[in-house]
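Enquirer: The structure's right below; bear with me while I get my questions together.
The values are calculated or read from the model by the stated rules, or taken from the named source; none is laboratory data. Computed from a predicted structure; not experimentally measured. So basically every Cβ, Gly included, is an ideal-geometry build from the backbone, and we count neighbours across all protein chains shown.
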Amino acid sequence: MKKLIASIFWLAAVSLTATAQEKGFYLKPTGGYFIKVTPVEFPSINGQLARDRTTNITGTGAGATTTTEETALTGSFGQGFRAGLVGGYQFSNIVGVELGVNYYKSEDQDMLRQSVINNGTTVLSLHSKGNVTAFDLAPALVFRIPVRGNFQPYSKVGVIVPFSGYLQIHTSVNDQTGQIAASQGIVSPAGTRTNLVLEREERINPKATIGFQSALGFDYKVSNRIGLFAELEYRNVSVGGKDKDLKKYDGTATVVVNATNTPVGSKQLTLDDQPAGDRKVNYHKAIGSSMNVKGSAGYDSSKPSDDLRSYINIGGLGLNVGVKIGF
């Protein structure tokens, strides 16, 4: 009986010691890679729908035939790399809290692609791709399973609060048909067209938002203070645009005689030559007649433009790994 009572007291002491070791502050340097989930259709780019469109022209003159194939471009900016530092406090061997500060860089995503092929020769190529750079705060509740041993599973749920970042869109143009120049309001002399070779970069700044995170993972103790961890995490944030800045606009506009394809003049295109209405766009939930909307009556290109807000999705499922340092 005495041995049984002594054994009970010894087990209780060990349990208290194990619980005490779970309490307190810790830091977790972490890194991970995410794959995209919850794909949606990408927003329009300068009035162009997110489409992959290829037009083939065969033959010449009245006997020419034209075929077009088109698909909608969908996806998410949730695929990419993330690095961060997480601070946590364990109240007991079950419940704790964490606060992470993270840097995220997405992979490039195709947002717009157009091609025109005339008798086997590509005469128009337009390609836009985007990527997201983001910094966020990620508070979460942590729930651990109070098991003994070095292996300690847990789950967590929380929110994501982006505090800095942007969507960068890079567009390359090689148009030998004059279509894109004409769509941008460039008027060519009679009997000519204006071909464009252009590189354009736009940066869309986000409106304040909040997202969701959840994870399943485990810690593996290496010593009393040091451990390793791995977790499978789901993150989802929907971000709306606040405003857009044109960061790069470099290229050449060449006037060509239609009948002979002979160049008769060219002009270098630079960012400094672009009007304020193209260099700055403010986004709104709704737009009205009092706003400076491109294409509307009374539009003033010397002032920033107004446009409807669009949204992108940053949804990803990823694996995070790192070191847990107790204090």
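Enquirer: Determine whether the stretch 83-94 contains at least one residue that is over 30 Å from residue 316 (Cβ atoms), touching a Lys or Arg at 6+ places or on another chain (Cβ under 9 Å) and crowded, with 16+ Cβ neighbours inside 10 Å. It would help to see each step written out before you state the result.
Expert: Of all residues in the stretch 83-94, those over 30 Å from residue 316 (Cβ atoms) come to 92-93.
Okay, now just the ones that are also touching a Lys or Arg at 6+ places or on another chain (Cβ under 9 Å), so 92-93.
Filter again for crowded, with 16+ Cβ neighbours inside 10 Å, leaving 93.
Yes, the stretch 83-94 contains at least one residue that is over 30 Å from residue 316 (Cβ atoms), touching a Lys or Arg at 6+ places or on another chain (Cβ under 9 Å) and crowded, with 16+ Cβ neighbours inside 10 Å.
So that you can scan it fast, the table gives a plain yes or no per residue for (1) over 27 Å from residue 34 (Cα atoms); (2) hydrophobic (A, V, I, L, M, F, W, C); (3) in contact with a Ser or Thr (Cβ under 7 Å, 6 or more places away or on another chain):
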residue: 223; (1), (2), (3): yes, no, no
residue: 259; (1), (2), (3): yes, yes, no
residue: 270; (1), (2), (3): yes, no, no
residue: 326; (1), (2), (3): no, no, no
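Enquirer: Right, here's the next one. Only one residue in 213, 176, 152 is under 30 Å from residue 301 (Cβ atoms), out of contact with any helix residue (DSSP H, G or I) (no Cβ under 6 Å at 6 or more places or on another chain) and of a type in the set (S, T, N, Q). Which one? Reasoning before the result, please.
Expert: Values: 213 fails: under 30 Å from residue 301 (Cβ atoms); 152 fails: under 30 Å from residue 301 (Cβ atoms).
Criteria check complete, one pass: 176.
Enquirer: Confirm whether residue 75 is under 29 Å from the mean Cα position of the chain (by Cα) and closer than 30 Å to residue 154 by Cα.
Expert: Numbers: under 29 Å from the mean Cα position of the chain (by Cα): yes; closer than 30 Å to residue 154 by Cα: no.
So residue 75 fails the test.
Enquirer: Looking at the stretch 63-90, which of its residues are in contact with an Asp or Glu (Cβ under 9 Å, 6 or more places away or on another chain) and farther than 29 Å from residue 31 by Cα?
Expert: 69, 70, 71, 72, 73
Enquirer: Within the stretch 165-193, count every residue that is out of contact with any Pro (no Cβ under 9 Å at 6 or more places or on another chain) and either assigned to a strand (DSSP E or B) or of a type in the set (A, V, I, L, M) (or both). Full working, then the answer.
Expert: First, pick out the residues of the stretch 165-193 that are out of contact with any Pro (no Cβ under 9 Å at 6 or more places or on another chain): 168-193.
Filter again for either assigned to a strand (DSSP E or B) or of a type in the set (A, V, I, L, M) (or both), leaving 168-175, 180-182, 186-187, 190, 192-193.
The total comes to 16.
Enquirer: Related question: For the stretch 27-47, enumerate the residues that are surrounded by fewer than 16 Cβ atoms within 10 Å (Cβ to Cβ) and among the polar types (S, T, N, Q). Write out each step before concluding.
Expert: Here is the first cut: in the stretch 27-47, the ones surrounded by fewer than 16 Cβ atoms within 10 Å (Cβ to Cβ) are 27, 29, 31, 33, 35, 38-41, 44, 47.
Once the filter is applied, which keeps residues that are surrounded by fewer than 16 Cβ atoms within 10 Å (Cβ to Cβ) and among the polar types (S, T, N, Q), the stretch 27-47 yields 38, 44.
Enquirer: Restricting to the stretch 147-167, what's the tally of residues that are under 19 Å from residue 324 (Cα atoms) and among the aromatic types (Phe, Trp, Tyr)?
Expert: 2
Enquirer: Another one. Could you tell me whether any residue of the stretch 308-323 is within 29 Å of residue 196 (Cβ to Cβ), at pLDDT 95 or above and not hydrophobic (A, V, I, L, M, F, W, C)? First the steps, then the outcome.
Expert: Narrowing the stretch 308-323 to residues within 29 Å of residue 196 (Cβ to Cβ): 308-310, 312.
Filter once more, keeping what is at pLDDT 95 or above: none.
No - not one qualifying residue is present in the stretch 308-323.
Enquirer: May I pose another question? Return the pair list, or none, for Cβ contacts closer than 7 Å from residues in the stretch 267-279 that are in contact (Cβ under 8 Å) with a residue 60 or more places away in the chain to residues that are exposed (fewer than 11 other Cβ atoms within 10 Å of the Cβ) and not acidic (Asp, Glu), at least 6 apart or on different chains.
Expert: Filtered contacts from the stretch 267-279: no entries.
Enquirer: Out of 272, 219, which single residue is of a type in the set (D, E, K, R) and over 27 Å from residue 140 (Cα atoms)?
Expert: Values: 219 fails: over 27 Å from residue 140 (Cα atoms).
Only one candidate qualifies: 272.
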